[in-house]
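Enquirer: This is the structure, below, for whatever I ask next.
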Amino acid sequence: MPLAAAAHPSPALPHWDETPQDLGAAVREIKAALRSRIEASGRTVAEVFAAAERRVEARIAEIEADRERGDQVWPVLEYDAIRAGAVTPQDVAKLRRRGCLVVRGHFPREQALDWDAGIVDYVERNRFFETYRGPGDDFFGSVGSKPEIYPVYWSQAQMQARQSERMATVQSFLNAQWRHTSADGTRWFDPDRDALYPDRIRRRPPGTDSAGLGTHCDPGTLDLWMTREYQKAFRHVFDGSVEEYDPWDPAHRTTGPQYPGSTMCSAFRTFQGWTALSDMAADQGVLHTVPVPEVMAYLLLRPLLPDVPEDSMCGVTVNQVFPVTKRWHPMLYRALTPIPDVRAGDSVWWHCDMIHSVAPVTGQQGWGNVMYIPAAPWCARNERYAAEVRDAFVSGSSPSDFPAEHYERTWEGRFTPDRLNATGRSGLALD
């Protein structure tokens, strides 16, 4: 059957560029409209979903075959190869197929350990543990340790890593995996300039019992179905031509709005990422992903099937992360894969749509310390957020994407504007 062979003109979709007041009514309306739009292509919703499911199933079968052969599921590259432009076509193909990457030696190990020690000094000198008020959000509060996620953004270590040449090199390499310019010449982002997206720190001490984080993804919630720009971004998912959906096409993702919420990200990230500040074994409560970049098409179509209540999007709603559950998505759990062992100075990256979780651990062996630094290329959406980041940076405030805890406003030893290099100034649009 021809793809999207429009037997009838595609009906327009309703859209809400701000969060609908009546979520249940909006969900019912958009589901009916999406079904009509898909069926106008000459295919049924079930046929289109089955095509998306087959594509994901093929990737899962590849992952299972890799495991059986004892092959590494996660791609691993040396920083020196990235810096030298010596990454092989085979390695690039695996990165794009899996949508995730470990960069070995991204920073020298001693540098990462020094950063970790510097963070300890920074928080202790400023009596963080005496003034800590508990987790500022429900999601990361679920990990259970006291604290595990530090609401700290402006330490010397974090800012040095964010503005370093080594970080910019890897971010540019990852951004370049996306088709950042459309055939009509529209340039959706600049792959060689990143916004300095500030995020937090995780420090998990030896002996910790941690509940981990449930399986989820982060690009948005109901806005993925309901806003005009995301409807354009996922046009092939919603018009019956799902085989043409390209998870590496950023068209319209970098311009539109996002529904506000306690777990939202105002920036467009090509890859989420963190840099290891300690050595970590793969069985010690580490990051897991479903390394299938195409999975978003499956997730977006799943609520349109008849076994899902009409006012439900398989548990997706505002002010929460996008859940991936065994009730609605059981096949995906077959592909859930931990990162390999990492050493301090390695970095870990995963496609912004990728399903991920953090495994629980009892009596953790060794430290589990990371600082979260993504790849967030310069685009209209990130430029807007950069203005808010600048203000938070200068005042030592918590960035607006995160709970308003503001511990660092009066802290001694905070990274200051005079320490910014050219990359840092560019990432904050200070020039």
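The values are calculated or read from the model by the stated rules, or taken from the named source; none is laboratory data. What you are looking at is a predicted structure, and each value in this text was computed from that prediction instead of being measured. Positions of Cβ are backbone-derived with ideal geometry, glycine not excepted, and every protein chain shown enters the neighbour counts. Each accessible area value is taken on the protein alone, full model and side chains, heavy atoms only, with ligands, DNA and RNA left out. Shrake-Rupley method; radii C 1.70, N 1.55, O 1.52, S 1.80 Å.
Enquirer: Would you mind finding the one in THR44, THR88 that is free of Cβ contacts under 8 Å to residues at least 12 places away in the same chain, open to solvent by less than 60 Å² (accessible area, probe 1.4 Å), among the β-branched types (Val, Ile, Thr) and at negative phi?
Expert: Only one candidate passes the filter, namely THR88.
Enquirer: When you scan segment 332-349, do you find a residue that is open to solvent by 20 Å² or more (accessible area, probe 1.4 Å) and part of a helix (DSSP H, G or I), even just one?
Expert: In the first step, residues of segment 332-349 are kept if they are open to solvent by 20 Å² or more (accessible area, probe 1.4 Å); the result is 333-334, 336, 338, 341, 343.
Cutting the leftovers down to part of a helix (DSSP H, G or I) gives us 333-334.
For segment 332-349, residues open to solvent by 20 Å² or more (accessible area, probe 1.4 Å) and part of a helix (DSSP H, G or I): present.
Enquirer: Restricting attention to segment 316-327, which residues are assigned to a loop (DSSP other than H, G, I, E, B) and open to solvent by 20 Å² or more (accessible area, probe 1.4 Å)? First the steps, then the outcome.
Expert: Step one: filter segment 316-327 for residues assigned to a loop (DSSP other than H, G, I, E, B), giving 316-321, 324-327.
Correct list: THR317, VAL318, ASN319, GLN320, VAL321, THR325, LYS326, ARG327.
Enquirer: Go through (1) closer than 19 Å to TYR153 by Cα; (2) open to solvent by less than 40 Å² (accessible area, probe 1.4 Å); (3) in contact with a Ser or Thr (Cβ under 7 Å, 6 or more places away or on another chain) and name the single condition SER426 misses.
Expert: That leaves (3) as the condition not met.
Enquirer: So, one more: For segment 301-321, which positions are modelled with pLDDT of 95 or more and touching a Cys at 6+ places or on another chain (Cβ under 9 Å)?
Expert: Result: ARG302, PRO303, VAL308.
Enquirer: Does VAL56 satisfy being within 19 Å of PRO247 (Cβ to Cβ), open to solvent by less than 10 Å² (accessible area, probe 1.4 Å) and not in a helix (DSSP H, G or I)? Before the answer, list the steps.
Expert: Details: within 19 Å of PRO247 (Cβ to Cβ): yes; open to solvent by less than 10 Å² (accessible area, probe 1.4 Å): yes; not in a helix (DSSP H, G or I): no.
Criteria not met by VAL56.
Enquirer: Can you give me the ranges of the strands (runs of 3 or more DSSP E) entirely in segment 136-250 with at least 3 residues that are touching a residue at least 60 places away in the same chain (Cβ under 8 Å) and surrounded by 22 or more Cβ atoms within 10 Å (Cβ to Cβ)?
Expert: Answer list for segment 136-250: 201-204.
Enquirer: Could I ask something else about it? Looking at THR416, is it over 23 Å from THR254 (Cβ atoms), β-branched (Val, Ile, Thr) and surrounded by fewer than 13 Cβ atoms within 10 Å (Cβ to Cβ)?
Expert: When the stated conditions are applied, THR416 does not pass them.
Per-residue answers, yes or no, for (1) of a type in the set (Phe, Trp, Tyr); (2) out of contact with any Pro (no Cβ under 6 Å at 6 or more places or on another chain):
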residue	(1), (2)
ALA25	no, yes
ARG55	no, yes
ALA84	no, yes
VAL87	no, yes
LEU101	no, no
PHE107	yes, yes
VAL120	no, yes
